[in-house]
Structure formats: structure tokens, C-alpha cells
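Notes follow once the structure below has been shown.
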């Protein structure tokens, strides 16, 4: 139907593939530590407690989260390597398409050869989707605005606890997402 169309992937979702793989590695590392008897209870455990620090962008880390990552680097080499792979992928997606092409190929090979359970299939997936990812970088497009509108629609549906007919829901969504700035009487 659209012969001129190009397939693109949103950078956020590409990084989310890596964060999902990283979280699986973290969970497996925590289970191993628990079996070995070296894990502490709950969030006091350096691996289990580092979940948010591992998933967060490196630039957004607090001082406490940086300390948690340092602890992970010193205690679990596999988890630390997985974190570095995730961050490297995130940085590659910020490059220009010409700079990103060889880096992306190298990243996919490194992920595949790492032997880290979640990252081996991810390396294969990135290698398969290499062209689509480069097209995304080249285009500079993102579906962030669409995701934001979808979130507003879902929130509107939850707020209403159901609607008697679809027209009421559509009207409320148009009101919330339409960009109108209505001032109700008596409100500032």
C-alpha cells in the first residue's frame, strides 16, 4: 500500500530491549547469590538493590545509585558487562547514522560473543534489524508524541470507570488531547 514507506524503530524501544535483557541478567545473578548464600535480604542486597540504578540512564544517576553501580562492578563481572553493553547501545543511538553503522555492527558482535544469556539473542536481533535502526537514526524520528497521547487516552479511560457509549469517551479524549485551554468559571 505504501511503497515509499520505510520501517523505523524508536530508540526508546531499542534501549528497552537492552534494559529487559539486563534485568534478566540481574535477576539471575541475584538468584545465584541467594543459592550460594551470599545474598542479603531485600533491597540491602547489592545486586537486588541496584535494579533502578542499572536500568536508569547513566547521566540521571544519583550519588547513591552511582555507589550501587560501583558495588556491582566489584561484585559481579557478568552483570557489570551487561550494564556496559546497555549503556554502549544507548550511546550508539545518539550518534549520526554514518558513525553508528560500524559501532552498531561491533556492538551486535560483542553482545553475541559475550555469552551473557539475555544479550546473545539481543545481539542477533540488533544484527537482524541493523538497517531499520540506522534508518531510525538517519530520520531522527521518534514515536514519543504518539506514546504520550496513548498514555493520556489510557489514563482517561481509567478515570472514567467505563462509559455508556463510545461517543462520550471520544469526546473526553478529544478534550484532553486536543490542546484546548478551557478556563472553568471560578477556577484560576
Extension gain (nm, one decimal) between residue 141 and residue 20, 0.36 nm per residue minus Cα-Cα: 41.3 nm
Footprinting exposure proxy for 130, 13 (fewest neighbouring C-beta atoms within 10 Å first): 13, 130
FRET E, pair residue 109, residue 4, Förster distance 22 Å, beta-carbon r, rounded to 0.05: 0.10
Linear extension gain, residue 73 paired with residue 149, 0.36 nm per residue minus alpha-carbon span: 23.5 nm
Degrees separating the helix 144-160 axis from the principal Cα axis of the chain, which is the longest one: 60 degrees
Fewest-first ranking of 27, 19, using other Cβ atoms within 10 Å as the exposure measure: 27, 19
Length-normalised contact order for the chain - Cα pairs under 8 Å, 6+ apart - percent: 23 percent
Correct option for Cα Rg over 2.2 N^0.38 Å [calculated from the coordinates] among (1) 1.05; (2) 1.34; (3) 1.76: (2)
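The numbers here are math on the coordinates, done by the rules we state, and not lab data. If you're wondering where the values come from, they're calculated on a predicted model, not measured in any experiment. Counting neighbours? That spans all protein chains shown, and the Cβs are built from the backbone with ideal geometry, glycine included.
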